[in-house]
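The numbers here are math on the coordinates, done by the rules we state, and not lab data. Just so it is clear, the structure is predicted and the values come from calculations on it, not from any experiment. Please note: Cβ atoms are built from the backbone with ideal geometry, for glycine as well, and neighbour counts cover all protein chains shown.
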Amino acid sequence: MTGDFQHVVLLAGGVGGARMAEGLARALPAGALTVIANVGDDEEFYGLRVCPDVDTLLYTLSDRIDRSQGWGVAYDTVKALDVLRDLGAPVWMKLGDADFGLHIWRSWRLAEGASLSAIVAEAARQWGARADIVPATDERVRTKLNTDEGWMDFQPWFVGRRCIPKVSELRYEGAESAKPAVSASAAIASADLIAFAPSNPLLSIEPILAIPGLRDSIEKCRAPRVGVSPLIGGKAVKGPLARLMQDLGIEATTRAVAGRYAGLLDGFIVDTGDVEDAEALRASGLAVAATEILMGGPEGAERLARELLAFAGKVAIAGERRRG
Ligand code: FO1
């Protein structure tokens, strides 16, 4: 029983977001899933537009992903990067040759005047991706981090400096004046379920919610809204979430993550180990399900997705009863 949802919207960024998207795509009927992707991680390299969160979704949902690292193209080579290194260019971001192909094509299409959402839709269609992938906006939004080494862009902090500089402030530059991509707003308007992936709330989900119109429409929509915690026992499944939360003076707990989504969630899925958080969240009025959050491979992602859909079905019924 997976709730019979026909128009599911997933907010996602990073590797955890793409894994959840893959699980939902496997669990849902074809055409039922739209993933709204973070663009705050985007960056220009060598004059090319690189969109890591969008691309991780594209590669994962079209079975091109390098599963050992969770990003990039499987069996990719680095000949272009070797040339760039020989010529003295900075090469800290590992862009593979096949990956470069996508960045060249996207930058070319952008220069021709195509929108980012149209370009992503075209790539998803050409590659047979198992869900619609929509960048949150066609405009420029960039996550900036104020660190003990000054303001930094996301990729130089995350990849270039391996998250070492301590972060005191986050900004989603451009978000406040950005318009949601038309296809993102349309997907939310027709959604019968909105899901929040177990992505980093500060780096992946909040840059999406910072775009005026997107938070609002999720706040007001009648569809059930269900999130999955990215933390297990106060530790991030992958990436720097717990460290970042501590740097910013936020408790690194599942409870605190749910708190970031206050007013946007009807239900939250936590790990079976996080019993205290589950109780506290239930006491605050949120529906809570506890299960094994670790997805592992595609089968594990599908298992979590089916549990999410079943839980959302119950949340939906409870919500209808409440609405009377
Ligand atoms: N992550 C790394 O840790 N090191 C890399 O060199 C790296 C290169 C890279 C190239 C293309 C791409 O789409 C993603 C890449 N990532 C790399 C992952 C990326 O930094 C993260 O997935 C996200 O931006 C965080 O959500």
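In debye, nearest 20: dipole of the range 31-92 around its Cα centre with unit charges on the Cβ of K, R (+) and D, E (-)? Don't skip to the end; give the middle numbers.
Details: 5 positive and 11 negative charges, 32 e Å.
So the magnitude is around 160 debye.
Work out, in µm²/s and without decimals, the Stokes-Einstein translational diffusion coefficient of the range 48-133 at 20 °C, 1.002 mPa s, Rh from Kirkwood over C-alpha pairs. Walk me through the numbers on the way to the answer.
On the way: Rh = 13.5 Å.
So the translational diffusion coefficient is about 159 µm²/s.
In the chain, with Lys and Arg counted as +1 and Asp and Glu as -1 at Cβ, which of these residues, VAL134, GLY101, ALA242, has the Cα nearest the positive end of the dipole, that is, farthest along it?
VAL134
Quick one: Kirkwood hydrodynamic radius for the chain, alpha-carbon pairs, angstrom, one decimal? Write out the running numbers ahead of the final one.
Details: mean 1/r = 0.0504 Å⁻¹.
Across the chain, the inverse of the average 1/r is 19.9 Å.
Test of the criteria: in the range 42-115, which trypsin sites (Lys or Arg not before Pro) are in a DSSP loop and have at most 14 other Cβ atoms within 10 angstrom of their Cβ?
Working: sites: ARG49, ARG64, ARG67, LYS79, ARG85, LYS94, ARG106, ARG109; in loops: ARG64, ARG67, LYS94.
Answer in residue order: ARG67, LYS94.
Are there trypsin sites (Lys or Arg not before Pro) in the range 127-204 that DSSP marks as loop and that have at most 11 other Cβ atoms within 10 Å, and which are they? Show your work: numbers first, answer last.
On the way: sites: ARG130, ARG140, ARG142, LYS144, ARG161, ARG162, LYS166, ARG171; in loops: ARG130, ARG140, ARG161, ARG162, LYS166.
The qualifying sites are ARG162.
Which value, in debye to the nearest 20, describes the size of the charge dipole of the chain about its Cα centre when Lys and Arg Cβ atoms bear +1, Asp and Glu Cβ atoms bear -1, and nothing else is charged?
Numbers: 36 positive and 43 negative charges, 99 e Å.
Around 480 debye, computed over the chain.
Counting only residues 5 or more places away or on other chains, whose amide H sits under 5 Å from the amide H of LEU10 once H atoms are built in the peptide plane?
Long-range HN contacts for LEU10: THR34, VAL35, ILE36, ALA195.
What is the angle, in °, between the Cα long axis of helix 14-27 and the longest principal axis of the Cα atoms in the chain? Nearest 10 is fine, range 0 to 90.
60 degrees
Measure nothing but the geometry: give the 0 to 90° angle between the long axis through the Cα atoms of 298-323 and the longest principal axis through the Cα atoms of the chain, rounded to 10°.
Helix 298-323 sits roughly 50 degrees off the main axis of the chain.
I'm a student and want to see the number: the projected area of the Cα convex hull of the range 175-230, averaged over all directions, in nm². Mind showing how you got there, number by number?
Working: hull surface 14.7 nm².
With every direction weighted equally, the projected area is 3.7 nm².
Quick one: dipole size for the range 123-231, taken about the Cα centre, charges +1 on Lys/Arg Cβ and -1 on Asp/Glu Cβ, in debye to the nearest 20. Please list the in-between numbers first.
Working: 14 positive and 13 negative charges, 48 e Å.
Charge dipole, the range 123-231, about its Cα centre: 240 debye, nearest 20.
Beyond a 30 Å Cα-Cα separation, which of these cross-linked pairs lie in this structure: LYS179/LYS314; LYS79/LYS179; LYS166/LYS238; LYS79/LYS166?
Values: LYS179/LYS314 33 Å; LYS79/LYS179 38 Å; LYS166/LYS238 18 Å; LYS79/LYS166 34 Å.
Pairs exceeding the cut-off: LYS179/LYS314; LYS79/LYS179; LYS79/LYS166.
Quick one: Karplus J couplings for the range 119-135, per residue in order, coefficients 6.51, -1.76, 1.60, θ = phi - 60°, nearest Hz, x for Gly and Pro?
Rounded to whole hertz, the list is 5, 5, 4, 5, 5, 4, 5, 4, 8, x, 4, 7, 7, 7, 10, 10, x.
Before rounding to the nearest 500, sum -39500 (n - 2.57) across all DSSP H runs of length at least 4 in the chain and divide by the residue total; then give [θ] at 222 nm in deg cm²/dmol. Could the numbers behind the result be given before it?
Working: 12 runs with 126 residues, N = 324.
Estimated from H runs of four or more residues: -11500 deg cm²/dmol.
May I ask you to evaluate 6.51 cos²θ - 1.76 cosθ + 1.60, the Karplus curve with θ = phi - 60°, for each residue of the range 73-90 and list the ³J(HN,Hα) values in order in whole Hz, giving x for glycine and proline?
My calculation for the range 73-90 gives 9, 4, 6, 6, 10, 10, 5, 5, 5, 4, 5, 4, 5, 4, 8, x, 7, x Hz in order.
Could you work out the relative contact order of the range 263-324? I mean the mean sequence separation of Cα pairs under 8 Å and 6+ apart, divided by the number of residues, in percent.
Working: 50 pairs, mean separation 19.2, N = 62.
So the answer I get is 31 percent.
Tell me, Kirkwood radius of the range 88-150 from alpha-carbon pair distances, in Å? If you can, show how the numbers build up before the last one.
Numbers: mean 1/r = 0.0706 Å⁻¹.
Mean inverse Cα-Cα distance, inverted, gives 14.2 Å.
Please state, as a whole number in µm²/s, the translational diffusion coefficient that the Stokes-Einstein equation yields for the range 74-222 at 20 °C and 1.002 mPa s, with Rh defined as the Kirkwood radius across alpha carbon pairs.
Details: Rh = 17.7 Å.
Translational D for this selection: 121 µm²/s.
Give the residue list of GluC sites (Glu not before Pro) in the range 242-314 that are DSSP loop and have at most 13 other beta-carbon atoms within 10 angstrom. Walk me through the numbers before you get to the answer.
On the way: sites: GLU251, GLU276, GLU279, GLU292, GLU299, GLU302, GLU307; in loops: GLU251, GLU292.
Counting only loop positions with at most 13 other Cβ atoms within 10 Å, the GluC sites (Glu not before Pro) in the range 242-314 are GLU251.
Could you pull out every residue, at least 5 positions away or on a different chain, whose amide H is within less than 5 Å of the one on ILE232? Hs are placed 1.01 Å off N in the peptide plane, and Pro or chain starts have none.
VAL237
Considering all alpha-carbon pairs of the range 145-257, what whole percent are spaced by more than 18 angstrom? Each step should come with its number before you reach the end.
Working: 3593 of 6328 pairs.
Percent of Cα pairs beyond 18 Å in the range 145-257: 57.
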